[in-house]
Amino acid sequence: MASPLQKRKLMGDINVVPYIDVMLVLLIIFMVTAPLLTQGVQVELPKAGAEPITDLPDTPPLVLSVDRDGNLFINFGDGQDSPASADEIVRRASILINEHPNIPVLVKGDRAVPYGNVVGAMVLLQRAGAAKVGFVTDPLDTYPIPE
C-alpha cells in the first residue's frame, strides 16, 4: 500500500495570478503618480520678447525657481518639491556645476516676486560657480493687454 504522500502529485507550475494582481495595482499607482512628478513648482513667468535658446546641450539644465512667496526650489537633489535654504541651493548647485561645467543654469522667477529675490537667486547660483545664468520667460504674445 502506498502512503498518502506518494499519491499526491507535485505541481510544477507557478501560480502567477497573485503576481498579476500586484502588477496591476502597481501599474495603477504609477499611472496616477507619474503626472504629479513632472509638474514641478508653479511659477507664473514674466513675459519677454527674447529669442528662445536653441543650442542647449543634451543634459537637462539646472533650474532655480522662485515662487510667488519668494521660496527657492532647485531641480537637482532630494526634496525638489520643497523649499531649500540658500546654503542648500549653493551646495546642490556647486555639486552639479562641478560635475558638468557647461550645464545651462536658469532662473525661473514668478512675475509677482520682487526683483531683488530673483537677483538674490542669481547671486546664489554664481556663488555656486555658474559663469552664465539665464532667465526663463514666457513669449511676449501671451501677455494680457490691459484695456
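Screening 14, 29, 103 for residues that are modelled with pLDDT of 65 or more, among the β-branched types (Val, Ile, Thr), farther than 26 Å from residue 133 by Cβ and part of a loop (DSSP other than H, G, I, E, B) leaves exactly one candidate, 14. Restricting 107, 66, 90 to residues that are in contact with a helix residue (DSSP H, G or I) (Cβ under 9 Å, 6 or more places away or on another chain), among the hydrophobic types (A, V, I, L, M, F, W, C) and farther than 26 Å from residue 138 by Cβ narrows the list to 90. Would segment 95-102 turn up any residue that is more than 20 Å from residue 138 (Cα to Cα) and buried (at least 18 other Cβ atoms within 10 Å of the Cβ)? Yes, segment 95-102 contains at least one residue that is more than 20 Å from residue 138 (Cα to Cα) and buried (at least 18 other Cβ atoms within 10 Å of the Cβ). Residue by residue through segment 71-87, note down the ones that are among the charged types (D, E, K, R) and either assigned to a strand (DSSP E or B) or more than 14 Å from residue 126 (Cα to Cα) (or both). Within segment 71-87, 78, 81 meet the criteria. Is it the case that some residue within segment 114-134 is surrounded by 12 or more Cβ atoms within 10 Å (Cβ to Cβ), in contact with a Lys or Arg (Cβ under 6 Å, 6 or more places away or on another chain) and either acidic (Asp, Glu) or part of a helix (DSSP H, G or I) (or both)? Checked segment 114-134: no residue is surrounded by 12 or more Cβ atoms within 10 Å (Cβ to Cβ), in contact with a Lys or Arg (Cβ under 6 Å, 6 or more places away or on another chain) and either acidic (Asp, Glu) or part of a helix (DSSP H, G or I) (or both).
The values are calculated or read from the model by the stated rules, or taken from the named source; none is laboratory data. Computed from a prediction, not measured in an experiment: that's the story for all the values here. For neighbour counting, all protein chains shown are included, and Cβ atoms are generated from backbone atoms with ideal geometry for every residue, glycine included.
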